[in-house]
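Each value in this text was obtained by applying a stated rule to the coordinates, not by laboratory testing. Here the structure is a predicted model, which is why all the values come from computation and not from measurement.
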Ligand code: ATP
Ligand code: MG
């Protein structure tokens, strides 16, 4: 995956609350092109692998329980400066600290149940995209 891509998930809370359409609309309106898209559910094993970097954190069990409790939408997005621009679009991890108009300000409910994931580096975007999609599922 090249440097103009990022990876996102619409998390179980936002799916449960009926926000898939509104979030995809915000993403495309901000200039991101959806190059891969999937409605799926993480197994416990998937979630533990995806969030392995956080395994020593006190919220790890809460995080994997939350991320596996219902379906998610996974997507690879393309835009110049994608990783950084997408982090701006989603806002701070804690919705109480997220800027007005950001996806987390609009749709998240708490620091744990915060509506969306966004990759934090080009390297992780590539790893996370490959975790969810095979090459033939990416229309870049
Ligand atoms: P993400 O990686 O999902 O885009 P982020 O990069 O903003 O979020 P991280 O520090 O990577 O934040 O944390 C990963 C996820 O773990 C958060 O999005 C949230 O769902 C959960 N999380 C982070 N901090 C806490 C906390 N203090 N209590 C509960 N859950 C938390
Ligand atoms: Mg993160």
Net lengthening on full extension, residue 134/residue 85 (0.36 nm per residue, minus Cα-Cα): 15.2 nm
Calculate the translational D of the chain in whole µm² s⁻¹ from Stokes-Einstein, where the hydrodynamic radius comes from the Kirkwood formula applied to all Cα pairs, the temperature is 20 °C and the viscosity 1.002 mPa s. 144 µm²/s
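What relative contact order, as a whole-number percentage, does the chain give when Cα pairs under 8 Å and 6 or more residues apart are counted? Could you put the intermediate results ahead of the total?
Numbers: 246 pairs, mean separation 54.4, N = 140.
Relative contact order for the chain comes out at 39 percent.
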Can you compute the helix-only [θ] at 222 nm over the chain? Use -39500 (n - 2.57) per DSSP H run of at least 4 residues, normalise by all residues, nearest 500 deg cm²/dmol. -10500 deg cm²/dmol
Honestly the stretch 70-122 on the Cα gyration tensor test (a ≥ b ≥ c root eigenvalues; a/c under 1.5 rounded, otherwise a/b vs b/c for prolate or oblate) is just oblate
Taking the alpha-carbon centroid of each part, what is the distance from the stretch 40-58 to the stretch 107-140 in angstrom? 13 Å
